[in-house]
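Read-outs throughout are calculated quantities, based only on the coordinates presented, and are distinct from any laboratory measurement. Everything numeric in this text was worked out from a predicted model, so none of it was measured. We place every Cβ from the backbone using ideal geometry, glycine too, and count neighbours over all the protein chains shown.
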Amino acid sequence: MGIQTRLVKKVAKIPMVCTNCGKQILVGEVYHLEEGVDQHLHSLIARRFCSDCYAKYGEKKLLAKE
């Protein structure tokens, strides 16, 4: 069984790429970062999703994709 996670709204401080669609998330843009609910989820394995994917699919569907 894996770590239970949720998505948290953040503002990009450095450019990054959406895990779902591959779109670049630019500095200053809002994105959603995966974090552990009860346990720490290391930043190297945490997924990042752009606002478009979050709006289109929602938290449940994005987190269900492995």
Treating only the Cβ atoms of Lys and Arg (+1) and Asp and Glu (-1) as charged, compute the dipole magnitude of the chain about its Cα centre; round to the nearest 20 debye. 160
Between residue 41 and residues 5 or more places away or on another chain, which pairs have amide H atoms under 5 Å apart, with H built 1.01 Å from N, and which residues are they? 36
Counting sequence-distant residues (5 or more places) and residues on other chains, those with an amide H built under 5 Å from that of residue 25 are 16, 17, 18
With Cα coordinates, the longest principal axis of the chain makes an angle with the long axis of helix 51-64, in degrees rounded to 10, of 10
Among beta bridges that DSSP assigns inside the chain, antiparallel share in %, nearest 5: 100
Pick out, from 57, 42, 12, the residue whose Cα sits farthest towards the positive end of the charge dipole of the chain, with +1 on the Cβ of Lys and Arg and -1 on the Cβ of Asp and Glu. 57
For semi-axes √(5λ) of the Cα gyration tensor in Å, calculated from these coordinates, the label among (1) 19, 14, 10; (2) 15, 15, 10; (3) 23, 14, 12: (1)
With an 8 Å cut-off on Cα pairs and a minimum separation of 6 or more residues, tell me the relative contact order of the chain in percent. 34
